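Here is the structure we will look at.
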Amino acid sequence: MYQFHSFYLDAPIIPGRAFDVFMPEKVTQKTALFFVHGGGWTSGAKENYHKIMYAYCSRGYVCASAGYRLLQTYCKNTLSAVDQLGDVRECYDGFVTFLKERHLEPQIAVFGTSAGAHLASLLVCAQPGDCGEKCTLANSWITPFCGLLQSTPASFEPWPESYPAMWGMMERAAGGKYQEEPEKFRNISLCRFINEKNPPLFFMEAGGEELFPKHYNEAFLARHQAWQIPSKMKFYRYAEHGFFYDLTRPCQQEAFEDIIAFIRELEN
């Protein structure tokens, strides 16, 4: 048995600015899970994680999934990833309130994949407002317990092998052209926020990753380990970009258990 709650951040409702919570009948896990969906900043939905949330809920975890306003694919964008990060921060803050109201510790592991991993990584490693986002928070900021990042775009600056279609999505997310406004891209790059104060990160890399280079995250991991931050990286040989949306394949089931193992290592 579990409870399902859906919360909207605004009245009247603004599409996307909402989060869902799965709460087990009996909470047995200290750490809660917060999911941020991917979809190239232009698609996807918080409901995409409901199946996985249900599975974690059955293990005693309280889980939440964040929505955010999506960018328009073919129209001039008035939003950017900075605005989306603000939406995700407010959803996270709402989840903190949810936990506190039920006398549960707001110790939260944040998972994201692809564009969701980008937003999740900034949520975990940057402080509110560091990227220029505007958000209204009801609580003093509580840094996430750890980050679980799958298929992470670690840099928003161009690299030689960048896939043109994906780079176009990243330009829409940044809200400009790199040649004209490079600072917009730097301000939302994870590499800008890697430092000795970061929570532990678990980089979950697909063996068949074709969109984002792994060497950035390998460099981040080396820096964390030099600072004695217990971050990790794992490659899933037969997985592709953004593979962790279901639990039907061995690589997905493996990732599911690896997340639990990583959290338990940090708790002990």
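Matching residues to (1) of a type outside the set (A, V, I, L, M); (2) out of contact with any Leu (no Cβ under 7 Å at 6 or more places or on another chain); (3) assigned to a helix (DSSP H, G or I); (4) at pLDDT below 95:
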position: HIS5; (1), (2), (3), (4): yes, yes, no, no
position: LYS26; (1), (2), (3), (4): yes, yes, no, no
position: LYS30; (1), (2), (3), (4): yes, yes, no, no
position: LEU33; (1), (2), (3), (4): no, yes, no, no
position: THR78; (1), (2), (3), (4): yes, yes, no, yes
position: ASP87; (1), (2), (3), (4): yes, yes, yes, no
position: GLY94; (1), (2), (3), (4): yes, no, yes, no
position: PHE98; (1), (2), (3), (4): yes, yes, yes, no
Single match in ALA255, ALA261, ALA222 (criterion: among the small types (Gly, Ala, Ser) and under 17 Å from the mean Cα position of the chain (by Cα)): ALA255
Quick one: in the range 187-219, of everything that is among the small types (Gly, Ala, Ser) and buried (at least 20 other Cβ atoms within 10 Å of the Cβ), which residue is farthest from the chain's Cα centre (by Cα)? ALA206
Please determine, by comparing only the residues of the range 189-232 that are of a type in the set (Ser, Thr, Tyr) and either part of a helix (DSSP H, G or I) or more than 20 Å from PRO164 (Cα to Cα) (or both), which one is modelled with the lowest pLDDT. TYR216
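The values are calculated or read from the model by the stated rules, or taken from the named source; none is laboratory data. A quick note: this is a predicted structure, and the numbers were derived from the prediction, not measured. As a convention, Cβ positions derive from the backbone with ideal geometry for all residues, glycine included, and neighbour counts pool all protein chains shown.
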